[in-house]
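Working notes, beginning with the structure itself.
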Amino acid sequence: MFTYYIDLALRSLRRNTVLTALMVLALALGIGASITTLTVLRLLSGDPLPARSAQLYYPQVDPRPALDDPSRARPMPAMSWTDAMNLVNARKARYQAAMALTQAKVMPAKTGERPFFSDAVMTTADFFPMFDVPFRYGSGWSAGEGQARARVVVISDALNRKLFAGANSVGRTLRIRDHDFRIVGVLRPWSPQPRFYAVWLGGRSYGDGDGVFLPLHTAVADKMSPNNLNCFAAGGDLNDLTKAPCIWLGVWVDLPTASQARAYRGFLDNYVHQQIALGRMHRTDVAMPDLMQWMRESHVVPSDVQLQTWLAFGFLLICVVNTVGLLLAKCLKRSQEIGVRRALGASRRAVFAQFMVEASIIGLAGGLLGLLFAELGLWAIRQQPAEYADLAHLDLGMFAFTFVVALVSSLLAGVLPAWRASVLAPAPQLKAS
Amino acid sequence: MNIRPILSTLRKHRIPTALIVLEIALACAVLCNAIFMIGQRLEAIHQPNAIDEAGLSIVTVRGLNPKNAADDLPRNLAALRHLPGVKAVAAINVVPLSNDGWNTGFTTQSGVREFSDDSYVNVAEYLVTADADKALGLKLLRGRFFHSEEYAAGTLGKSFMPTGHAIVITQSFARRMWPDQDALGKVLYMGDKYSYTVVGVVADVLRPDRNGGGLASFSYSVFLPMAPVEAALNKYLVRSAPQDRARVLREAVSTLEKISPEAVVNGKTFSDIRNAYFADTRSMAWMLVLVCVVMVAVTAFGIVGLSSFWVGQRRRQIGIRRAVGATRADILHYFQTENFLISSFGVVLGMLLAYGANLYLMQHYEMARMPWTFFPVGAVTLWLIGQLSVLGPALRASHVPPVVATRSV
């Protein structure tokens, strides 16, 4: 019976090719636009570390002067050196690391070549185990090495390829500004999307990973300056960032269980109250969002991308309503044919099924063409200068989802016309002809 | 034209009527919001930026030892000044629209604790050496630019706050701080240690980035005089005739690279910087335009399709009307009026939807309230689309011969 419906549907669709083409095209445009924008949105709001994100937290405190109305206080998006070091040294979590972004001037190995700047992370030892950073060669540095301001460095796969043609460069020397650093580790390609640890620290949120990772204490001793520095009092000495009244460090902690997270939150409150008692701090507001919550709070996903998605689905809705209208027109035009079928014994259900099959064929065709439009749309996005442009690809999930969207929208579009067709009384239709 | 018979016909064809109304309403809602968003983006792109952008290039020199800045800067400035075709040269800390911000806050009262949230207005701080007004092509509206003594005395202390006392501010910032008064001679404060007297007001210059603020604060910028001794001034403004710009930029980069082999030198024209800054905005605007066009086309086809079907269904009726004396024009007007009525229902519903969508977007995204002028414009647009779409089917209807009435299909 099903194949018969398909045959009937195909005949009917062929009878009015222009109308069929219009319906398929409109549906395909709607689907193409929706899938394109949804792919980008999903990509940008994805989980950068699926295995770890639920147990990573971003503690925040507020070192600014007291407010007249304390209820208006919101914790700061980063920490001063003192707070960051106090939290890291307290070792209350399984892992904890402080970090800032900087630009590292990498000196050329050969004379005659020019130096270049590489995106760099200055951080503490736990960065690598906490974020599960994959190493190709070697490893990170130890907490002791970091504290001792050892001149050691971990480099990315891309930088290793550029400087050492991808060979095992552990033990070799990288000259950063005026100092030689010993390479202790080389990463596998690693670029979490979004680059969650860099959100407020003055780096881009998507795109390539960082090239150089060096111990925070060493970098501070060498006067490397953070990309983002926000001072909450004027007059401090900015040449010594360990004392300046400025925030510039992000702190992440790893708390594997909920009870550990609760305990840490208590510790954070205690810490702030203790600092207030010491006269160092004045505000009690703290926060400890987990990774995904912090991504939402800091609006990592550009609002334009979300607006585009809304718009695309609005457009798809218009296309579906349009298809409903055209299908209805088509099926009422065939009232007589329906009358004949009903008179010959087809049940209402059979007529309904026949028209739903016709709608789903339009849906499938729309889905296929929509997939083509989505690929075209994503290609166009890859040509854009946006930092996430290179990531815009259709994955298997979205590929499957395209057909779900296509079928659901075409079936939705088909229900009303098919129902109208099935409830037509056969006798008047036969009489009219 | 009598609309009663039209209304009663529509009442008999509720579903197709409702579908067209719904389609027009959705199109109206999306169209109004999309056009509003396009407008907002165009407004951002066309924000006035009163520097002479056409002949301006920027050369950034990074990676020099900051301790040698007092030697490097004068030498580099002199080298650039001597390039053929260069009209003016100055050093600056950050450049408008470069996404590389240097912000601070000022208040109009002395002794207000630094950054106690509300009383301070956030501004972009441009630290400039002598001739920056010429290199940038600033438009002075009131007062003066800096004297050479002010430039010579300008340094950044340890806390990176300018040690001088003269400041030039943009017109928008002046209006924000002193809405009804002349800003000249007024003083801007930062805590109790720093104060700056306004010596000049220039036409609006955009900030390096929006810094989380709205379009209004996009032109809150200030200029402070600096001696060429600070490592923070690592960008060189190079002005030439627009037609010399490419060559001057090339030569400027290679000259500075030759002077300091250890530096990383990077040159850009201001047009490059502007294009990069607005690239996302522009592509969003184009994508919105594309959506609008395709959506209007889909809606129009939908109306054409349904109206054609409708006309086909009513050939008999049309024939009867023609047979009993209706003219072709009567039939044409009938369908046009019918479409106008349906469009009007759609437009009314669409306005409500558009308003609701705008409220939702305002709550969740950086959206302003849609001005009421969008509603009549959206209405007229959809009426026009409806009328144009129905014209074909209506003309076909008007050509139905009266004799149809006597035939049985």
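Each row is one residue, and each column tells you yes or no for (1) among the aliphatic types (A, V, I, L, M); (2) touching a Cys at 6+ places or on another chain (Cβ under 6 Å); (3) open to solvent by less than 40 Å² (accessible area, probe 1.4 Å).
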residue: A:Ala100; (1), (2), (3): yes, no, yes
residue: A:Ala104; (1), (2), (3): yes, no, yes
residue: A:Ala125; (1), (2), (3): yes, no, yes
residue: A:Asp132; (1), (2), (3): no, no, no
residue: A:Ala143; (1), (2), (3): yes, no, no
residue: A:Gly146; (1), (2), (3): no, no, yes
residue: A:Gly171; (1), (2), (3): no, no, no
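Scanning for something open to solvent by less than 50 Å² (accessible area, probe 1.4 Å), assigned to a loop (DSSP other than H, G, I, E, B) and under 17 Å from B:Val248 (Cβ atoms), does region B:64-78 turn up at least one residue?
No - not one qualifying residue is present in region B:64-78.
Of the residues B:Val248, B:Val291, which is touching a Leu at 6+ places or on another chain (Cβ under 7 Å), within 12 Å of chain A (Cβ to nearest Cβ) and crowded, with 21+ Cβ neighbours inside 10 Å?
B:Val291
Just to verify a result, which residue in region B:255-285, among those that are of a type in the set (Phe, Trp, Tyr) and buried (at least 19 other Cβ atoms within 10 Å of the Cβ), is farthest from the other protein chains (Cβ to nearest Cβ)? Show your work before the answer.
So the first thing to find is which residues in region B:255-285 are of a type in the set (Phe, Trp, Tyr), and the list is B:270, B:277-278.
Then drop every residue that is not buried (at least 19 other Cβ atoms within 10 Å of the Cβ), which leaves B:270, B:277.
Working: B:Phe270: 17, B:Tyr277: 10 Å.
By that ranking, first place goes to B:Phe270.
Which number in (1) more than 19 Å from A:Ser45 (Cα to Cα); (2) buried (at least 17 other Cβ atoms within 10 Å of the Cβ) marks the one condition that A:Ala425 misses?
Going through (1) more than 19 Å from A:Ser45 (Cα to Cα); (2) buried (at least 17 other Cβ atoms within 10 Å of the Cβ) one by one, A:Ala425 breaks only (2).
Please go through region B:31-40 and pick out each residue that is open to solvent by less than 30 Å² (accessible area, probe 1.4 Å) and either closer than 15 Å to A:Asp304 by Cα or free of Cβ contacts under 8 Å to residues at least 24 places away in the same chain (or both). Show your work before the answer.
Step one: list which residues in region B:31-40 are open to solvent by less than 30 Å² (accessible area, probe 1.4 Å), which gives B:31-34, B:36-38.
Listed by number, the residues that qualify are B:Asn33, B:Ala34, B:Phe36, B:Met37, B:Ile38.
Out of B:Gly185, B:Gly157, report the one residue that is more than 14 Å from chain A (Cβ to nearest Cβ) and open to solvent by less than 60 Å² (accessible area, probe 1.4 Å).
Being more than 14 Å from chain A (Cβ to nearest Cβ) and open to solvent by less than 60 Å² (accessible area, probe 1.4 Å) holds for just one of B:Gly185, B:Gly157, which is B:Gly185.
When you look at B:Phe374, is it closer than 17 Å to B:Asn2 by Cα, in contact with a helix residue (DSSP H, G or I) (Cβ under 9 Å, 6 or more places away or on another chain) and away from chain A (no Cβ under 14 Å), yes or no?
On the way: closer than 17 Å to B:Asn2 by Cα: no; in contact with a helix residue (DSSP H, G or I) (Cβ under 9 Å, 6 or more places away or on another chain): yes; away from chain A (no Cβ under 14 Å): yes.
So B:Phe374 does not fit the description; no.
Here are some residues: B:Ala379, B:Ala354. Which one is on the phi < 0 side of the Ramachandran plot, within 29 Å of the chain's Cα centre (by Cα) and within 13 Å of another protein chain (Cβ to nearest Cβ)? Let's see the steps before the verdict.
Numbers: B:Ala379 fails: within 13 Å of another protein chain (Cβ to nearest Cβ).
Every option except B:Ala354 fails the conditions.
Report, by residue number, each residue of region A:218-243 that is within 8 Å of chain B (Cβ to nearest Cβ) and among the acidic types (Asp, Glu).
A:Asp237
Among residues belonging to region B:1-20 that are hydrophobic (A, V, I, L, M, F, W, C) and within 10 Å of another protein chain (Cβ to nearest Cβ), point out the one that is surrounded by the most Cβ atoms within 10 Å (Cβ to Cβ). Outline the logic, then answer.
Residues of region B:1-20 hydrophobic (A, V, I, L, M, F, W, C): B:1, B:3, B:6-7, B:10, B:15, B:18-20.
With the extra rule that they be within 10 Å of another protein chain (Cβ to nearest Cβ), the set shrinks to B:15, B:18-20.
Working: B:Ile15: 13, B:Ala18: 18, B:Leu19: 22, B:Ile20: 28.
Going through the qualifying residues, I end up with B:Ile20.
Does A:Phe232 satisfy being at pLDDT below 95, open to solvent by less than 40 Å² (accessible area, probe 1.4 Å), among the aromatic types (Phe, Trp, Tyr) and closer than 30 Å to B:Glu230 by Cβ?
Working: at pLDDT below 95: yes; open to solvent by less than 40 Å² (accessible area, probe 1.4 Å): yes; among the aromatic types (Phe, Trp, Tyr): yes; closer than 30 Å to B:Glu230 by Cβ: yes.
Spelling it out, A:Phe232 is indeed at pLDDT below 95, open to solvent by less than 40 Å² (accessible area, probe 1.4 Å), among the aromatic types (Phe, Trp, Tyr) and closer than 30 Å to B:Glu230 by Cβ.
Under the condition of being touching a residue at least 60 places away in the same chain (Cβ under 8 Å) and of a type in the set (S, T, N, Q), which residue from region B:323-376 is most open to solvent (accessible area, probe 1.4 Å)?
Filtering first and then ranking leaves B:Thr337.
Going by what's in this entry, would B:Phe106 be described as farther than 30 Å from B:Met287 by Cα, open to solvent by less than 20 Å² (accessible area, probe 1.4 Å) and within 14 Å of chain A (Cβ to nearest Cβ)?
Values: farther than 30 Å from B:Met287 by Cα: yes; open to solvent by less than 20 Å² (accessible area, probe 1.4 Å): yes; within 14 Å of chain A (Cβ to nearest Cβ): yes.
Criteria met by B:Phe106.
Between residues in region A:54-76 that are over 17 Å from A:Trp248 (Cα atoms) and residues that are of a type in the set (A, V, I, L, M, F, W, C) and assigned to a helix (DSSP H, G or I), which pairs lie under 7 Å by C-beta distance while being six or more apart or on different chains?
A:Leu56/A:Leu291; A:Tyr57/A:Ala261
For residues in region A:288-337 being more than 27 Å from A:Val18 (Cβ to Cβ) and at the interface with chain B (Cβ under 8 Å from one of its Cβ atoms), which is farthest from the chain's Cα centre (by Cα)?
A:Leu311
Out of region B:388-403, which residues are open to solvent by less than 50 Å² (accessible area, probe 1.4 Å) and closer than 17 Å to B:Ala297 by Cβ?
B:Ser389, B:Val390, B:Gly392, B:Pro393
Scan B:Gly212, B:Gly191, B:Gly200, B:Gly185 and give me the residue that is within 30 Å of the chain's Cα centre (by Cα) and in contact (Cβ under 8 Å) with a residue 12 or more places away in the chain.
Numbers: B:Gly212 fails: in contact (Cβ under 8 Å) with a residue 12 or more places away in the chain; B:Gly191 fails: within 30 Å of the chain's Cα centre (by Cα); B:Gly185 fails: within 30 Å of the chain's Cα centre (by Cα).
From the options B:Gly212, B:Gly191, B:Gly200, B:Gly185, the qualifying one is B:Gly200.
So A:Gln96 fits all but one of (1) open to solvent by 10 Å² or more (accessible area, probe 1.4 Å); (2) in contact (Cβ under 8 Å) with a residue 12 or more places away in the chain; (3) of a type outside the set (Phe, Trp, Tyr); what number is the exception?
Going through the list (1) open to solvent by 10 Å² or more (accessible area, probe 1.4 Å); (2) in contact (Cβ under 8 Å) with a residue 12 or more places away in the chain; (3) of a type outside the set (Phe, Trp, Tyr), A:Gln96 breaks only (1).
The values are calculated or read from the model by the stated rules, or taken from the named source; none is laboratory data. Here the structure is a predicted model, which is why all the values come from computation and not from measurement. A quick note on method: Cβ atoms are made from the backbone with ideal geometry, for glycine too, and the neighbour counts reach across all protein chains shown. The area values use the complete protein model at the heavy-atom level, side chains included, leaving out ligands, DNA and RNA. Shrake-Rupley method; radii C 1.70, N 1.55, O 1.52, S 1.80 Å.
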